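Novice: Quick one: this structure, given as structure tokens, is what I'll be asking you about.
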Amino acid sequence: MEGGGPIAVGPPTRDHDSENFPVASLLLAKAARARVMEFYRFVRTADDIADAAALSPEEKLHRLDALEATAPGALATVGEAEARLMLSAFRQDAVQTRYADWAALEDYCRRSADPVGRMLLRVHGEDATAQRASDALCTALQILNHLQDLVPDRDALDRIYLPVTWMDQAGGEAAFFTPSNPRRRDVLDAALDRVEATLEVAAPLPRLLRSRLRFQAAVTLALAWRLLAKLRAADPVLGRVALTKADFAAAFTRLALPPQSDAAVVQARVTRAKSSFARGMGVLKGERRRALFAVYGFCRAVDDIADAAMPLAEKRRFLAAWHRKLATPDCALSSELAWARDAFALPVAECAAMVAGMETDAESRVRIADADALDLYCRRVAGSVGALSVRIFGAPQAEGWGLALGRTFQLVNILRDAEEDAARDRVYVPRTLLDAHGVTTDDATTIVAHPGFAACCDALAREAADGFARAEAELAQHDLRALKPARVMMWGYRRLLDRMLAQGFGAPRMRARLTRGEKMRMALVALRPA
């Protein structure tokens, strides 16, 4: 705007009807819509300035300063404080094109997106109880937009919001954007996992609102979940991934239903996981099933963090956040887990043990020194699940049985996943056992290819077989009806072990899987009366 020229760079690049998510829909009261549009026009002008490819960074900052000077008059009735916070993000856009880590991206969203929700809350007279959920929804929407627009932002503005350290997991920025790079999918999924966790914080928002804003919040949440699913199913680097009119229609149709409960959000998470563990959960009904969903969803969430294609520092930060969530629930999943702990007297120490086990898995290199270290690892990642589950089943006196069975299940997992774990530089066969069978190398892929590794696996398989035998022998001491879910899972895990024993552990090994018929049998057994 040299010489006092116009502030705006031209006509708005889009209007409120062409945004990815509802801005001032007819779901809002007429008076509220007018105030929202006043705010929208201001920040749209600012956003267009920050994104104007023809302007230098210095000119962008100059125009944004001039625009801020108009804020007291332009926003006399709504959102001046929020607009100023957003202007700080637009100034950042003018000069910054890359982000170091997820915390830096979240800070940007805190200033570029969260103020919109806070403005809406104030315009509608809502109180502070909804602010955390509102902030989470706005942050999730912003990151979804960033992932959706990875290529357009890079091509037009040389701006990428996915952190540099995350792209490094796929070989660096250039490799990340190479169409044929298979590692990009893992990084995208890791980022989408973080969006899912953020949406679980946002999930209660429609239930927290009293005004008509709750309807727009419900539609926006539904659309966010839908875009998340679409980005999981398609690659935004290879082609545009966008919501359709049908997606919007489905979201508005959902207004006829009550807002999703935390339990429904967690159940949806479990359903998406498509785990064979769900067949054991299918035995349970009512509150017991709800509690087991919460435990499984929690286990899946922390396991996904440990396995994610993200920097180690990020894994540690997100797992540390789960220790805090156990103390102070802040999302649908942690709230459901807290409910389950209260309803079934589940020890929080067992949940903390699971997180500690995942902190081991999260490391860039995992080796197990000896049998005691293996026992500790199994106690944390599998024994904890057994101890929690038997309480939910209604057989708390079977805790010792559940702990031992959890260890046996984990041995089967270690044997089944040996090659997959080695590819992640993880070896769970103890060093002492490897040494005993002449496997002296420390390279993970060389270990699993060594002839002596088969003997190590056979030894662990015999331990697992003994564990199943003991579990079967001790079942009569406990409530068979209550432990039916565990019995269903025992059958499936024992089938996997038998298959591995039958084929042997010599390289190359085929990953043992249950057949479709075996999975169907587990489901049918689960449905039959105990």
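Novice: State whether the residues of region 398-416 include one that is of a type in the set (K, R), surrounded by 19 or more Cβ atoms within 10 Å (Cβ to Cβ) and either assigned to a helix (DSSP H, G or I) or outside the structural domain of A356 (by TED's automatic domain parsing) (or both). Can you show your working first?
Specialist: Quick first cut of region 398-416, residues of a type in the set (K, R) only: 407, 416.
With surrounded by 19 or more Cβ atoms within 10 Å (Cβ to Cβ) added as a condition, the list becomes 407, 416.
Okay, now just the ones that are also either assigned to a helix (DSSP H, G or I) or outside the structural domain of A356 (by TED's automatic domain parsing) (or both), so 407, 416.
Scanning region 398-416, I find at least one residue that is of a type in the set (K, R), surrounded by 19 or more Cβ atoms within 10 Å (Cβ to Cβ) and either assigned to a helix (DSSP H, G or I) or outside the structural domain of A356 (by TED's automatic domain parsing) (or both), so the answer is yes.
Novice: Looking at region 130-159 only, could you name the residues that are surrounded by 16 or more Cβ atoms within 10 Å (Cβ to Cβ), acidic (D, E) and in a helix (DSSP H, G or I)?
Specialist: Those that are surrounded by 16 or more Cβ atoms within 10 Å (Cβ to Cβ), acidic (D, E) and in a helix (DSSP H, G or I): D135, D153.
Novice: For residues that are touching a Leu at 6+ places or on another chain (Cβ under 8 Å) and within 30 Å of A473 (Cβ to Cβ), scanning just region 417-446, find the one that is surrounded by the fewest Cβ atoms within 10 Å (Cβ to Cβ).
Specialist: L433
Novice: Additional query: When region 336-355 is examined, which residues are found to be among the small types (G, A, S) and surrounded by fewer than 18 Cβ atoms within 10 Å (Cβ to Cβ)? Lay out the reasoning, then the answer.
Specialist: Step one: filter region 336-355 for residues among the small types (G, A, S), giving 338, 340, 343, 345, 349, 352-353.
The answer is A343, A345, A349, A352.
Novice: Here's a follow-up. Of everything in region 127-171 that's touching a Ser or Thr at 6+ places or on another chain (Cβ under 6 Å) and among the charged types (D, E, K, R), which residue is farthest from A31 (Cα to Cα)?
Specialist: Ranking the qualifying residues of region 127-171, first place goes to D158.
Novice: Any idea which of V302, V219, V283 is under 17 Å from L192 (Cα atoms) and surrounded by 19 or more Cβ atoms within 10 Å (Cβ to Cβ)? It would help to see each step written out before you state the result.
Specialist: Numbers: V219 fails: under 17 Å from L192 (Cα atoms); V283 fails: under 17 Å from L192 (Cα atoms).
None of the others qualify; the one that does is V302.
Novice: Moving on to the next point. Could you check region 1-56 and list, in sequence order, the residues that are modelled with pLDDT under 85, in contact with a helix residue (DSSP H, G or I) (Cβ under 6 Å, 6 or more places away or on another chain) and of a type in the set (A, V, I, L, M, F, W, C)?
Specialist: Of everything in region 1-56, those that are modelled with pLDDT under 85, in contact with a helix residue (DSSP H, G or I) (Cβ under 6 Å, 6 or more places away or on another chain) and of a type in the set (A, V, I, L, M, F, W, C) turn out to be M1, F21, V23, A24, L27.
Novice: May I ask you to list pairs of residues, at least six apart or on different chains, whose Cβ atoms are under 6 Å apart, with the first in region 461-477 being more than 17 Å from A502 (Cα to Cα) and the second being assigned to a helix (DSSP H, G or I) and modelled with pLDDT of 95 or more?
Specialist: From region 461-477, the pairs are G467/T408; A471/L405; E474/W401.
Novice: Looking at (1) buried (at least 19 other Cβ atoms within 10 Å of the Cβ); (2) among the basic types (K, R); (3) not in a helix (DSSP H, G or I), which is the only condition R91 fails?
Specialist: Every condition holds for R91 apart from (3).
Novice: Okay, next question. Please determine whether any residue of region 15-23 is farther than 21 Å from R212 by Cα and either in the same structural domain as R210 (by TED's automatic domain parsing) or in contact with a Phe, Trp or Tyr (Cβ under 9 Å, 6 or more places away or on another chain) (or both). Reasoning before the result, please.
Specialist: Just the residues of region 15-23 that are farther than 21 Å from R212 by Cα, to begin with: 15, 18.
After this cut, where a residue has to be either in the same structural domain as R210 (by TED's automatic domain parsing) or in contact with a Phe, Trp or Tyr (Cβ under 9 Å, 6 or more places away or on another chain) (or both) as well, the list is 15, 18.
Within region 15-23, one or more residues are farther than 21 Å from R212 by Cα and either in the same structural domain as R210 (by TED's automatic domain parsing) or in contact with a Phe, Trp or Tyr (Cβ under 9 Å, 6 or more places away or on another chain) (or both).
Novice: For region 282-334, give me each residue that is part of a helix (DSSP H, G or I), over 17 Å from S261 (Cα atoms) and among the hydroxyl-bearing types (S, T, Y). Full working, then the answer.
Specialist: Kept after step one, since they are part of a helix (DSSP H, G or I), are these residues of region 282-334: 286-307, 312-327, 332-334.
Checking the rest, the ones that are also over 17 Å from S261 (Cα atoms) come to 296, 299-307, 312-327.
Scanning region 282-334 gives a single hit, Y296.
Novice: Yes or no: G172 surrounded by fewer than 22 Cβ atoms within 10 Å (Cβ to Cβ), of a type in the set (G, A, S) and assigned by TED's automatic domain parsing to the domain that holds A202?
Specialist: Numbers: surrounded by fewer than 22 Cβ atoms within 10 Å (Cβ to Cβ): yes; of a type in the set (G, A, S): yes; assigned by TED's automatic domain parsing to the domain that holds A202: yes.
Here the answer is yes, as G172 does meet what is asked.
Novice: Which ones in region 64-88 are modelled with pLDDT under 90, of a type in the set (A, V, I, L, M, F, W, C) and part of a helix (DSSP H, G or I)? Let's see the steps before the verdict.
Specialist: Looking only at region 64-88, we keep the residues that are modelled with pLDDT under 90, and these are 71-80.
Applying the additional criterion that residues be of a type in the set (A, V, I, L, M, F, W, C) yields 71, 74-76, 78.
A71, A74 - these are the residues of region 64-88 that are modelled with pLDDT under 90, of a type in the set (A, V, I, L, M, F, W, C) and part of a helix (DSSP H, G or I).
The values are calculated or read from the model by the stated rules, or taken from the named source; none is laboratory data. This one's a predicted model, so the numbers in the text were calculated from it and none came from an experiment. Here Cβ is always computed from backbone atoms with ideal geometry, including for glycine, and neighbour counts include all displayed protein chains.
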